Amino acid sequence: MKTHQQPKLKTQLFSCGFFRHCAQTVLSPTGATPPLPHTPPTFQCESSTSSSSSTTSQSFTQWRFSPPTPTPNTATATTTTNNTNNLIKTNTNTSFNVPLPPPPPLPPQIHNLQELFHISELQLTTDPASALQLLERSLVPNPPQDQPPCPPNLMHALTRNLALAKPATKILFALCLSDVNRRVAVETGAVSAVIEAALELDGAPSERALAALELMCTLPDGAHEVRAHALAVPVMVTMMGKTAARAKEYAIGVLAVVYGGSTSDHHTAPPEEVARAVELALQGECSPRARRKGAQLLKTLKQLSEAEPLPLDNN
């Protein structure tokens, strides 16, 4: 009597998308189909660490089927940021030789001073900077002593811009080299303008302004204007202490004019205080002319101090 033999089972290895190799029992195609066992099939994974296979499989499955999907806004922002950073890096690492624009052309020189004054006066209403630049280029390099009269409006514009425009002191000094325009400057209030703007000037502009002021003091009206100004003495004393040798020379010359005239038409500081300031200024760097002017001024101040009446004793 033949015994019924169970069909042979074959074991086949196959590749899986999730694990490297899996082994599962399959039925032979030649044998009869046996009833399925009630026990669940067994899966074996070949890995280097068998104790962590379940954890690895779970995490891998989660990564495989639940990938984080960025929102369109985030992806767009990231792409834009990366492109911007790349563009910045490219612009930073790349050097461009951009040519600078050429400087504006200088105004032409006008040797005819009457024409120069007329054109400059017209330009003052529309472009004051160009008018000053034209005067500086045409008049300052070689100012003649024989000059035609400067229009009062032009002279007034110069004195109004002494502390604002650098060429103004150059032009004023060049004009004051002429007796005619020295008088025009005094008549248009240049004496008061220089005294009130002197403390705002420094360096070469202060030297030119004080030189113009001393030239204006050579006229009787100019000297009278200096003596009548309440700030003339304190400003000149301050300028002696803060300026270089050349400006100090001009300040001493203006003080010599102030104390060399009549005491009835000016407001002066006590001679003793001015004398101490002059002595202190002469101890520093001075030109030979400043020392001569300073010595004469100290002699005048000493005479004025001795001539002052003594205070009356009420007793």
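The values are calculated or read from the model by the stated rules, or taken from the named source; none is laboratory data. Because the structure is predicted, anything quoted here is derived from the model rather than measured. Side chains included, ligands, DNA and RNA excluded: accessible areas come from the protein's heavy atoms. Shrake-Rupley method; radii C 1.70, N 1.55, O 1.52, S 1.80 Å.
What to note about this one:
- Hits in the range 285-315 (condition: at pLDDT below 85 and not in a helix (DSSP H, G or I)): GLU308, PRO309, LEU310, PRO311, LEU312, ASP313, ASN314, ASN315
- Those residues of the range 165-182 which are open to solvent by less than 10 Å² (accessible area, probe 1.4 Å) and not in a helix (DSSP H, G or I), in sequence order: SER178
- Any hit, the range 139-148, residues being open to solvent by less than 40 Å² (accessible area, probe 1.4 Å) and part of a helix (DSSP H, G or I): yes
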